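The values are calculated or read from the model by the stated rules, or taken from the named source; none is laboratory data. Every value quoted in this text rests on a predicted model; they were computed, and no experiment measured them. When we count neighbours, we look across all protein chains shown, and the Cβ atoms used for this are built from the backbone with ideal geometry, even at glycine.
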Amino acid sequence: MATAIKDGMRGLGLLVQLNTDRVIAVLVLVGALFLASYVGSL
């Protein structure tokens with residue numbers, strides 16, 4: 001039982017880590033688009 005919980009938490013941590021990378025990449029892309037539109041409107 002304890003090993004199943006430990007393995008599940010390890011898998012959940014990996015899933016969160018992978019999704020965090022994707023969220024950061026999307027936020028950087030959106031930020032770059034906003035910055036480009038701001039610079040283009042000057």
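Looking at the structure I just gave you, is Leu29 out of contact with any strand residue (DSSP E or B) (no Cβ under 6 Å at 6 or more places or on another chain) and part of a helix (DSSP H, G or I)? Please lay out each step first, then the result.
Working: out of contact with any strand residue (DSSP E or B) (no Cβ under 6 Å at 6 or more places or on another chain): yes; part of a helix (DSSP H, G or I): yes.
Yes, satisfied.
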Determine the pairs where a residue that is modelled with pLDDT of 95 or more, located within segment 26-42, has a partner that is surrounded by 10 or more Cβ atoms within 10 Å (Cβ to Cβ) with Cβ atoms under 9 Å apart, the partner being 6 or more residues away or on another chain.
none
